[in-house]
1. Quick one: 3J(HN,Hα) in Hz for region 29-35, Karplus 6.51/-1.76/1.60 with θ = phi - 60°, rounded, Gly and Pro as x.
2. Under 19 Å Cα-Cα from LYS32, which lysines qualify once same-chain neighbours fewer than 8 residues away are excluded?
3. Give a residue-ordered list of calculated ³J(HN,Hα) values for region 37-51 (Karplus: 6.51 cos²θ - 1.76 cosθ + 1.60, θ = phi - 60°; whole Hz; x for Gly, Pro).
4. Give me the extension gain from SER58 to ASP16: residue separation times 0.36 nm, minus the current Cα-Cα distance, reported in nm with one decimal.
5. Among the lysines, select those whose C-alpha is under 18 Å from the C-alpha of LYS72, and discard any that sit fewer than 8 residues away in the same chain.
Amino acid sequence: MPEVAKEITKLWQGLDASEKKEYDEKAIERKKEYDVEMAKYRNSPNYKAYLRACNSISGVGARKAAAKAKAKAKTKVKAKAKARGAPAAAAADSDSDVMGSDSDSSSSDSDSD
């Protein structure tokens, strides 16, 4: 393949400006045709369905769905904690530790001097 590319490059460089201009004009015309066809394709129902599918898998739709599921799970956890009688906020602000020891006593009051 590299040999072919080198040969084509030599041929292109061997053309004079008027011959190159002919090919450049064809390229410009074909690019315009391509742009028109691409615009039609992007407005087609099939392409729009494809975009929706892509977005639902990995795009904005997927991120929104994941965030919604996370928020729903968080709400569920809070509801369960409230139903058990242990409000989540009150449990975090509690002065007592898990074992129920007195948290007000300080280590300086100990008799270990």
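Each value in this text was obtained by applying a stated rule to the coordinates, not by laboratory testing. Just so you know, these numbers come straight off a predicted model, no measurement behind them.
1. Per-residue couplings from phi come out as 4, 5, 5, 4, 4, 4, 4 Hz.
2. LYS20, LYS21, LYS40
3. Once θ is set to phi - 60°, the couplings for region 37-51 become 5, 5, 5, 4, 4, 5, 8, 7, x, 5, 5, 5, 5, 4, 4 Hz.
4. 10.1 nm
5. By straight Cα distance, LYS72 reaches LYS64, LYS80, LYS82.
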